[in-house]
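Peer 1: This is the structure I have questions about; it appears just below.
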Amino acid sequence: MSPRYVMVIDLRRCVGCQTCTAACKSANATPPGVQWRRVLDQESGEYPDVRRTFLPVSCMHCAEPPCAEVCPTTATQKREDGLVTIDYDVCIGCANCIMACPYDARTIQHEPRWAYGVPMAHELARADPGRLSVATKCTFCKERIDRAAITGQTPGVDPEVTPACVNSCISGAMLFGDINDPTSGVVKLLESARHFRVHEDLGTGPSIYYIWSET
Amino acid sequence: MTADEPVRRVPTFCYNCVSGPDFLTVKVENGIATEIEPNFAAETVHPGRGRPCVKAYGLVQKTYNPNRVRTPMKRTNPKKGRDEDPGFTPISWDEALDTIAERLKAVRTGGLIDQAGLPRLAASFGHGGTPANYMGTFPAFLAAWGPVDFSFGSGQGVKCTHSEHLYGEFWHRAFTVSADTPNTRYVIACGANVEVTGGPTAVIRHADARIRGYKRVQVEPSLTITAACSAEWVPIRPKTDPAFLFALINVLIHEHGLAALDQPFLRDRTASAYLVGPNGLYLRDRATGKPLVWDETRRAAVAFDTARAVPAVAGRFRVATAVTMDADRVRVNHAGVEGTTAFQALSDHIARYTPEWAAAICDVPAETIRRIAGEYLEAASIGATIDIDGHTMPLRPVAVTLGKSVNNGWGAYECCWARTVLAMLVGALENPGGILGTTVRLNRPHDNRHLSVKPGDDGFMVQHFNPTSRERWEATPTTRNLHRTLVPIVGRNGGWSQALGPTQLAWMFQEERPADWPMPEPTHPDVWFVYRSNPAISFWDTRRLAESIARFPFMVAFAYTVDETNYMADLLLPEATDLESTQLIRMGATKYMEHFWDCHGVVLRQQAVEPQGEARDFTWIATELARRTGLLSAYVEQLNRGVAGVAPLKGEGYDVRLDPAEVPEPERIWDAICRAATFTLSDGRDTHGLDWFRQHGFYKVPVSRRSWYLTPTLEEQGLRYELPYQERLMRIGRELRNRLHEQNMHWWDEQLAEYAALPDWHDVPGRWEQALIAAGARTEDFPFWLLTTKSMQYHSGGNASIALMDEVSENLRGHTGVIIHVDTATTLGIGDGDPVEVRSHIGATYGRAALVKGVRPDTLVIVGQFDHWATPYIKDIERASLNSIAPMTLALTDATGSGADIVRVAVRRMERPAA
């Protein structure tokens, strides 16, 4: 069976530190204000019985992606390995997908933006005009996943072919791997703990699973 | 790997906060740093698995930030002040260094000490000593110079963990105190925000512990990140933690009883059995002066170290003859006197502090306090053991940890004492699963706290107090914060002793002094070096502090950007920053916070990219300063002694010394330091130079986990922890009072009350209210408490100007605003995001209201330290700060010299957006 990549996030571990947010921006050179992933910080309950929960969110790489359904140009595609991709050469920036995505995961940026108003050397070195006026979002670090096929490495095991956010996570909250591989870490963790997916009721089939307690 | 490769990954470290070093790699593409990544080669070496926290991901921006100071600059406007444009103008390095050297040579000509007896050179470094990991060989320059005044703090120490540092080292060589998180099962955290401040090591260890099923109860007024990650949040009234902790002790002793506690530990490893006389002093053997215990075998009082004695832990006993020794060695003979064991004295003392009593003070239900105490005792599993590297040791998996403004300022002595007593009662002090000290800074050597343990008085560890005897007390201060004169417990007298003195006094006494001041008037230092320190933002009453800074005659600031402190500088020197320069530092064994490792060694911070502009490696700057000041040979001798590195450059079997007659290049210096370090660490097996480290990043040798715990070392030497009764501190306090009163000095009398053998509760929060009244204000006009808390994105990183940190921190609730309980805000007509003014009796600060439910309704919280007006980028962003409106006063300074980040305030919605 071909691989299907998923992310498993253990909410018992997440501390909301935003290291994954920053690592993603570092790895993917997203401009200021564009966050392909971030950690939500939410309160529930009434004083003094208040809880505060940290919820890392990004593109859910849905099995039935609503963004792909509404894409008029087929720029958004669902790959066999589970990744939802955007072909920037095909995308026309119509923003249908932004409206359709129930996870608020996509962004369109029309002008270059620099952290301090003027471009810094590292920003210039990595600026990609091809990303202007097109939809962008978390790619599951697609280039790394694709490299695995060449190097023979295993995404989720070998850091060179694992998404940057997962690599960076200081609490060990994030796992990445092949849900079709019964020996993978993600499968083992899902089997050992209770989990949910966001807006599962919408039938989108998100590829990000959240652990919230033991089985 | 070579510099010519189009893509390189360069191993290095981040030590921007005390929870370093964290390992990382820098991806360099065509000579430009583009990404920060973990160092996966350190996965099994670094307890944080080779991962840096969010701050490190800002280092690329930090390198290329267009707001950096890129050339040496001199001030052209002789007037200094917030409203005076300094007119900084670029100059050459030659001009800058020669200007400094001429100043320094003039100082040397006039003498290193001025007419007031104070060093004419001062230096201030920022957070927790972390600048030392970036300042290359500058320590060797300072050592070559001679006396330097480190009195002018930036708030570090006195605002954060101060009493814990001082009393922690006194009781168990614990500059910082941590839960043994890998082994613990139950943690009561009074404000300890380790998920924010403990770095990746603390984060992963506590995450693992949560999965393992440990329970942490977070006791603090607001639902911080750490509270959010805890099993239970107890929203205690600010600054009432001593009452809460006293009540826990009360429940353990009076509701569970001695039989449920760790009696062998109390008897053998503490002074619980020492007999206290009616005058509050230890009853001592008349011949030897040794404290007496009641031997249950002989049914007689004997010296504490009598062979085969079985001391009674509790009880009162009639002692035939004894002597007590008071302050100034006043001896009193006793006959037929009642001796009460120290534990019994504790029991008697704590009897009044019931959960019901504490509930009224802390606003925590008595049943909650009682339950938590019971859970703590049950989890302590007294009698259980664990194998640690082949040794059977007690397993006591419970810990009480203290956080900022709980472990510093008034009430902190009580909290530190109570916390340590709670560990003592169940044998969890420096045993697996319990609390343990990480690193030493006042005692020496700094790299191994066990070696600082030597026999001292009365069966305790040796202590090195600043003297209080009539003959040796320092009546004329030799530092501007009077640390030797006023604070005995901060003794030992390296730079750390100075830096942990009452640094606010140095600032305050520059401006005005108490009426009964018999000492020479403190002077300004002739030359002041500042590096990675911004007291005009990070201390209290910062607007007034900036005015004080403006009166310093000559300031040299190593400057990343212009900031609120170096705005008053005469010269700005751009040092090569984190990714641009080279330095080898120690790693592992134990360092701050949760850093106790399975190895120790060294790690290299290396130049990954060329420095921007004219920025220069700090080691080059230090060497040039030494050369131009005429101190080259002394500087090189200090390098040879190992001052800037890890080991002396000559030892048995190796000699990599530098020639004192030659000007050493930075690479040559660090190559020698790398070789000396690896030779000594490996006992001569390995010698690696700088090139090896550039490729491999770090070098390690294993250490036993047994070294995490101090108790085995005390056992080996037959020593006891100086607990629970603080007879020695009481005596020292009395001596200090005698000395001060002999000089007709009474302005420190309030602080002297802290020297109690068994601390009493006093109205700790009331001190802030009284200070307000003393300033002529009315308490009813300032009905709220304002607190602050740290954020991982900014905590001690000096990175307020890093746009990435600003962006990602906005994802956290309340991070960028003034946190107010939603009900309080509704009552005041304040909506979420509304501009608000937070006003204390000394001023106001402005921000946006962040309405939450996870904070006490009587408390406001402002995250971090902001309110910048000079630092590029952040000065244009609206951020409030407690520091702008918290007073700096003697009345709010405790006996150790620390204060706390808390102030009474009013809050109101602004009718129009805040400016």
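The values are calculated or read from the model by the stated rules, or taken from the named source; none is laboratory data. The shown structure was predicted, so the numbers you read here are calculated from the model rather than taken from an experiment. Methodologically, a virtual Cβ is constructed for each residue, glycine included, from the backbone with ideal geometry; neighbour enumeration extends over all protein chains shown.
Peer 1: Taking B:Lys55 as the residue in question, decide whether it is surrounded by 15 or more Cβ atoms within 10 Å (Cβ to Cβ), within 14 Å of chain A (Cβ to nearest Cβ) and either of a type in the set (D, E, K, R) or under 30 Å from B:Lys27 (Cβ atoms) (or both).
Peer 2: Working: surrounded by 15 or more Cβ atoms within 10 Å (Cβ to Cβ): yes; within 14 Å of chain A (Cβ to nearest Cβ): yes; either of a type in the set (D, E, K, R) or under 30 Å from B:Lys27 (Cβ atoms) (or both): yes.
Yes, satisfied.
Peer 1: Does B:Pro835 qualify as being within 14 Å of chain A (Cβ to nearest Cβ), over 30 Å from B:Pro759 (Cβ atoms), surrounded by fewer than 22 Cβ atoms within 10 Å (Cβ to Cβ) and touching a residue at least 24 places away in the same chain (Cβ under 8 Å)? Give the derivation first.
Peer 2: Values: within 14 Å of chain A (Cβ to nearest Cβ): no; over 30 Å from B:Pro759 (Cβ atoms): yes; surrounded by fewer than 22 Cβ atoms within 10 Å (Cβ to Cβ): yes; touching a residue at least 24 places away in the same chain (Cβ under 8 Å): yes.
Taking the combined requirement at face value, the residue does not satisfy it.
Peer 1: Could you go through region B:477-485 and let me know if any residue there is among the basic types (Lys, Arg), over 17 Å from the mean Cα position of the chain (by Cα) and not in a loop (DSSP other than H, G, I, E, B).
Peer 2: Restricting attention to region B:477-485, the residues satisfying the condition of being among the basic types (Lys, Arg) are B:480, B:484.
When the remaining residues are screened for being over 17 Å from the mean Cα position of the chain (by Cα), the result is B:480, B:484.
Imposing the further condition that a residue be not in a loop (DSSP other than H, G, I, E, B) reduces the set to B:484.
Yes; the residues of region B:477-485 include at least one that is among the basic types (Lys, Arg), over 17 Å from the mean Cα position of the chain (by Cα) and not in a loop (DSSP other than H, G, I, E, B).
Peer 1: Which ones in region B:253-309 are assigned to a helix (DSSP H, G or I) and not hydrophobic (A, V, I, L, M, F, W, C)?
Peer 2: Answer for region B:253-309, where residues must be assigned to a helix (DSSP H, G or I) and not hydrophobic (A, V, I, L, M, F, W, C): B:His254, B:Glu255, B:His256, B:Gln263, B:Pro264, B:Arg267, B:Asp268, B:Arg269.
Peer 1: Any chance region B:236-253 includes a residue that's within 30 Å of A:Glu43 (Cβ to Cβ) and within 14 Å of chain A (Cβ to nearest Cβ)? Even if it seems obvious, please write down each step before you answer.
Peer 2: Step one: of region B:236-253, the residues within 30 Å of A:Glu43 (Cβ to Cβ) are B:236-245, B:247-248.
When the remaining residues are screened for being within 14 Å of chain A (Cβ to nearest Cβ), the result is B:236-237.
Checked against the condition, which is being within 30 Å of A:Glu43 (Cβ to Cβ) and within 14 Å of chain A (Cβ to nearest Cβ), region B:236-253 yields at least one hit.
Peer 1: I'm trying to understand the selection: among the residues of region B:349-405, which are part of a loop (DSSP other than H, G, I, E, B) and closer than 12 Å to B:Leu248 by Cβ?
Peer 2: Going through region B:349-405, the residues part of a loop (DSSP other than H, G, I, E, B) turn out to be B:351-354, B:363-365, B:381-384, B:389-390, B:395-397, B:403-405.
Correct list: B:Tyr353, B:Thr354, B:Val364.
Peer 1: A further question on this structure: Test A:Ala68 against the stated conditions and say whether it is assigned to a helix (DSSP H, G or I), at pLDDT 95 or above and under 21 Å from A:Asp201 (Cα atoms).
Peer 2: On the way: assigned to a helix (DSSP H, G or I): yes; at pLDDT 95 or above: yes; under 21 Å from A:Asp201 (Cα atoms): yes.
When the stated conditions are applied, A:Ala68 passes them.
Peer 1: Then there is this: How about region A:6-32: which of its residues are at the interface with chain B (Cβ under 7 Å from one of its Cβ atoms) and either among the small types (Gly, Ala, Ser) or part of a loop (DSSP other than H, G, I, E, B) (or both)? So that I can check it myself, show each step before the final result.
Peer 2: Of all residues in region A:6-32, those at the interface with chain B (Cβ under 7 Å from one of its Cβ atoms) come to A:12-13, A:15-19, A:21-23, A:25-27, A:32.
Of everything in region A:6-32, those that are at the interface with chain B (Cβ under 7 Å from one of its Cβ atoms) and either among the small types (Gly, Ala, Ser) or part of a loop (DSSP other than H, G, I, E, B) (or both) turn out to be A:Arg12, A:Arg13, A:Val15, A:Gly16, A:Cys17, A:Gln18, A:Ala22, A:Ala23, A:Ser26, A:Ala27, A:Pro32.
Peer 1: Restricting attention to region B:162-170, does a residue exist that is more than 30 Å from B:Phe552 (Cα to Cα), within 14 Å of chain A (Cβ to nearest Cβ) and outside any strand (DSSP E or B)?
Peer 2: There is no residue in region B:162-170 that is more than 30 Å from B:Phe552 (Cα to Cα), within 14 Å of chain A (Cβ to nearest Cβ) and outside any strand (DSSP E or B).
Peer 1: In region B:199-217, which residues are within 21 Å of the chain's Cα centre (by Cα) and more than 10 Å from chain A (Cβ to nearest Cβ)?
Peer 2: Selection gives nothing.
Peer 1: Of all residues in region A:163-191 being of a type in the set (S, T, N, Q) and part of a loop (DSSP other than H, G, I, E, B), which is farthest from the other protein chains (Cβ to nearest Cβ)?
Peer 2: A:Asn180
Peer 1: Moving on. B:Ser92: more than 9 Å from chain A (Cβ to nearest Cβ) and surrounded by 22 or more Cβ atoms within 10 Å (Cβ to Cβ), yes or no? Working first, answer last.
Peer 2: Values: more than 9 Å from chain A (Cβ to nearest Cβ): yes; surrounded by 22 or more Cβ atoms within 10 Å (Cβ to Cβ): no.
Against the criterion (more than 9 Å from chain A (Cβ to nearest Cβ) and surrounded by 22 or more Cβ atoms within 10 Å (Cβ to Cβ)), B:Ser92 does not qualify.
Peer 1: Also, I was wondering about something else. Quick test for you: out of A:Glu160, A:Glu123, pick the one residue that is closer than 24 Å to B:Gly50 by Cα, within 14 Å of another protein chain (Cβ to nearest Cβ) and outside any loop (DSSP other than H, G, I, E, B).
Peer 2: Working: A:Glu123 fails: closer than 24 Å to B:Gly50 by Cα.
So the residue among A:Glu160, A:Glu123 that is closer than 24 Å to B:Gly50 by Cα, within 14 Å of another protein chain (Cβ to nearest Cβ) and outside any loop (DSSP other than H, G, I, E, B) is A:Glu160.
Peer 1: Tell me which residues, restricted to region B:286-303, are surrounded by fewer than 21 Cβ atoms within 10 Å (Cβ to Cβ) and in contact with a Pro (Cβ under 9 Å, 6 or more places away or on another chain). Spell out the reasoning first.
Peer 2: So in region B:286-303, the residues surrounded by fewer than 21 Cβ atoms within 10 Å (Cβ to Cβ) come out as B:286-290, B:295-300, B:302-303.
Answer for region B:286-303, where residues must be surrounded by fewer than 21 Cβ atoms within 10 Å (Cβ to Cβ) and in contact with a Pro (Cβ under 9 Å, 6 or more places away or on another chain): B:Asp295, B:Glu296, B:Val302, B:Ala303.
Peer 1: Do you know which residues across region B:881-900 are assigned to a loop (DSSP other than H, G, I, E, B) and farther than 21 Å from B:Gln498 by Cα?
Peer 2: As a first pass, look at region B:881-900 and keep what is assigned to a loop (DSSP other than H, G, I, E, B): B:881, B:885-889, B:893-900.
Hits for region B:881-900 are B:Ser881, B:Ile885, B:Ala886, B:Pro887.
Peer 1: For region B:562-579, how many residues are out of contact with any Asp or Glu (no Cβ under 7 Å at 6 or more places or on another chain), of a type outside the set (Gly, Ala, Ser), outside any strand (DSSP E or B) and buried (at least 22 other Cβ atoms within 10 Å of the Cβ)? Show your work before the answer.
Peer 2: We begin by selecting, within region B:562-579, every residue out of contact with any Asp or Glu (no Cβ under 7 Å at 6 or more places or on another chain); these are B:562-573, B:575, B:577-579.
Then keep just the ones that are of a type outside the set (Gly, Ala, Ser); that gives B:562-568, B:570-573, B:575, B:577-579.
Subset that is outside any strand (DSSP E or B): B:562-568, B:570, B:577-579.
Of the ones still in play, those that are also buried (at least 22 other Cβ atoms within 10 Å of the Cβ) are B:562-568, B:570, B:578-579.
Counting residues in region B:562-579 that are out of contact with any Asp or Glu (no Cβ under 7 Å at 6 or more places or on another chain), of a type outside the set (Gly, Ala, Ser), outside any strand (DSSP E or B) and buried (at least 22 other Cβ atoms within 10 Å of the Cβ) gives 10.
Peer 1: Any idea which of (1) under 13 Å from the mean Cα position of the chain (by Cα); (2) over 28 Å from A:Val15 (Cα atoms) is the one A:Phe140 doesn't satisfy?
Peer 2: (2)
Peer 1: Here is a further query. Considering only region A:126-146, state which residues are within 14 Å of chain B (Cβ to nearest Cβ), surrounded by fewer than 17 Cβ atoms within 10 Å (Cβ to Cβ) and free of Cβ contacts under 8 Å to residues at least 24 places away in the same chain.
Peer 2: Going through region A:126-146, the residues within 14 Å of chain B (Cβ to nearest Cβ) turn out to be A:126-128, A:141, A:143-144.
So of that shortlist, the ones also surrounded by fewer than 17 Cβ atoms within 10 Å (Cβ to Cβ) come out as A:126-128, A:143.
Within region A:126-146, A:Glu143 is the sole residue that qualifies.
Peer 1: Inside region B:218-242, can you point out the residues that are under 24 Å from the mean Cα position of the chain (by Cα) and among the β-branched types (Val, Ile, Thr)?
Peer 2: Correct list: B:Val219, B:Thr224, B:Ile225, B:Thr226, B:Ile236, B:Thr240.
Peer 1: The conditions are (1) farther than 30 Å from B:Asp208 by Cα; (2) in a strand (DSSP E or B), and B:Gly588 fails exactly one of them. Which is it?
Peer 2: (1)
Peer 1: Kindly indicate which of B:Thr623, B:Thr629, B:Thr619 is at pLDDT 95 or above, touching a strand residue (DSSP E or B) at 6+ places or on another chain (Cβ under 9 Å), outside the structural domain of B:Asp180 (by TED's automatic domain parsing) and of a type in the set (Val, Ile, Thr). Let's see the steps before the verdict.
Peer 2: Values: B:Thr623 fails: touching a strand residue (DSSP E or B) at 6+ places or on another chain (Cβ under 9 Å); B:Thr629 fails: touching a strand residue (DSSP E or B) at 6+ places or on another chain (Cβ under 9 Å).
After applying the criteria, what remains is B:Thr619.
Peer 1: Same structure, new question: Applying the selection to region B:807-823, what residues are in contact (Cβ under 8 Å) with a residue 40 or more places away in the chain and more than 9 Å from chain A (Cβ to nearest Cβ)?
Peer 2: B:Thr816, B:Gly817, B:Val818, B:Ile819, B:Ile820
Peer 1: Next question. Find the residue count for region B:181-203, including only residues that are in a helix (DSSP H, G or I) and touching a Lys or Arg at 6+ places or on another chain (Cβ under 6 Å).
Peer 2: Final tally of qualifying residues: 3.
Matching residues to (1) crowded, with 22+ Cβ neighbours inside 10 Å; (2) touching a residue at least 12 places away in the same chain (Cβ under 8 Å); (3) touching an Asp or Glu at 6+ places or on another chain (Cβ under 8 Å); (4) of a type in the set (Gly, Ala, Ser):
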residue: B:Asn481; (1), (2), (3), (4): yes, yes, no, no
residue: B:Val487; (1), (2), (3), (4): yes, yes, no, no
residue: B:Arg492; (1), (2), (3), (4): no, yes, no, no
residue: B:Gly495; (1), (2), (3), (4): no, yes, no, yes
residue: B:Leu500; (1), (2), (3), (4): yes, yes, no, no
residue: B:Phe539; (1), (2), (3), (4): yes, yes, no, no
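Peer 1: Just give me the residues in region B:591-609 being farther than 17 Å from B:Asp447 by Cβ, in contact with a Phe, Trp or Tyr (Cβ under 8 Å, 6 or more places away or on another chain) and in a loop (DSSP other than H, G, I, E, B), in sequence order.
Peer 2: Selection gives B:Gln606 alone.
Peer 1: Oh, and also: Which residues, counting only those in region A:35-54, are within 20 Å of A:Ile98 (Cα to Cα) and either surrounded by fewer than 17 Cβ atoms within 10 Å (Cβ to Cβ) or in contact with a Pro (Cβ under 9 Å, 6 or more places away or on another chain) (or both)?
Peer 2: Filtering region A:35-54 for residues within 20 Å of A:Ile98 (Cα to Cα) gives A:35-40.
Selection gives A:Arg37, A:Arg38, A:Val39, A:Leu40.
Peer 1: Look through region B:773-797, keep the residues that are charged (D, E, K, R) and over 20 Å from B:Thr226 (Cα atoms), and return whichever of them is nearest to the other protein chains (Cβ to nearest Cβ).
Peer 2: Filtering region B:773-797 down to residues charged (D, E, K, R) leaves B:778, B:780-781, B:790.
Okay, now just the ones that are also over 20 Å from B:Thr226 (Cα atoms), so B:778, B:780-781.
Values: B:Arg778: 28, B:Glu780: 24, B:Asp781: 25 Å.
Of everything passing the filter in region B:773-797, B:Glu780 is nearest to the other protein chains (Cβ to nearest Cβ).
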